[in-house]
Amino acid sequence: MALALEISRDYGYVVLVLVLYAIFNFWMAFQVGKARKRYKVFYPTLYAVESENKDAKLFNCIQRGHQNSLELMPLFFVMTLLGGIQHPCIAAGLGLFYTIARFFYFKGYSSGVPENRLKLGGLNFLALFGLIICTASFGINLLFREAVAVSFKSV
């Protein structure tokens with residue numbers, strides 16, 4: 001059985017959204033680094049202890065905002081890359097929406113009030129669910145094709 005994929009030029013949007021998310025991830029890491037200096041939480045300590053640091057909760061919220069984004073990043077990248085093969089514009093749009101929602105998730109968490117992460121940031125889960133549907137659609141489509149060949153060409 002052969003597998004052929006034709007990747008449209010619109011897949012470039014998918015790739016660029018992932019580049020944007022990578023830049024966003026570096027920005028979050030920089031925010032954690034600044035918080036380490038501000039709240040005196042030095043490496044290799046991952047989380048501050050409240051009995052040792054009066055600003056532990058503030059630092060930990062910033063750290064968790066970034067850590068949670070890292071935890072979901074593999075799922076986001078794989079669903080975007082695979083779902084984007086068949087649905088490049090939809091996947092890129094959902095990926096952009098996810099990235100923006102994750103920004104609000106991080107900003108809300110960084111406020112020191114963990115519940116704030118879900119005000120606008122909670123919408124990231126809708127985008128992720130949409131990406132899962134795009135990827136499932138792609139998988140189902142592959143199963144019902146007789147043969148597919150892989151080719152990369154500009155359309």
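The values are calculated or read from the model by the stated rules, or taken from the named source; none is laboratory data. The shown structure was predicted, so the numbers you read here are calculated from the model rather than taken from an experiment. Cβ: placed from backbone, ideal geometry, glycine included. Neighbour counts: every protein chain shown.
Within the stretch 40-97, the set of residues being among the β-branched types (Val, Ile, Thr) and buried (at least 22 other Cβ atoms within 10 Å of the Cβ) comprises Val41, Ile62, Thr80. Within the stretch 38-80, the residues that satisfy the criterion of being farther than 21 Å from Gly130 by Cβ, of a type in the set (Gly, Ala, Ser) and part of a helix (DSSP H, G or I) are Ala56, Gly65.
Any idea which residue in the stretch 6-20 is surrounded by the most Cβ atoms within 10 Å (Cβ to Cβ), counting only those that are assigned to a loop (DSSP other than H, G, I, E, B) and of a type in the set (D, E, K, R)? Checked the stretch 6-20; the qualifying residue surrounded by the most Cβ atoms within 10 Å (Cβ to Cβ) is Asp10. Checked against (1) more than 25 Å from Lys119 (Cβ to Cβ); (2) at pLDDT below 95, Glu50 passes all but a single condition, namely (1). Hey, does the stretch 51-62 have a residue that's more than 24 Å from Leu18 (Cα to Cα), of a type in the set (Phe, Trp, Tyr) and in contact with a Leu (Cβ under 8 Å, 6 or more places away or on another chain)? So far as the stretch 51-62 goes, no, none of its residues is more than 24 Å from Leu18 (Cα to Cα), of a type in the set (Phe, Trp, Tyr) and in contact with a Leu (Cβ under 8 Å, 6 or more places away or on another chain).
When Gly95 is tested against (1) free of Cβ contacts under 8 Å to residues at least 24 places away in the same chain; (2) in a helix (DSSP H, G or I), exactly one condition is not met: (1).
How about the stretch 13-47: which of its residues are in contact (Cβ under 8 Å) with a residue 12 or more places away in the chain, among the aliphatic types (A, V, I, L, M) and closer than 22 Å to Arg117 by Cβ? Hits for the stretch 13-47 are Val17, Leu20, Met28, Ala29, Val32, Ala35, Val41, Leu46.
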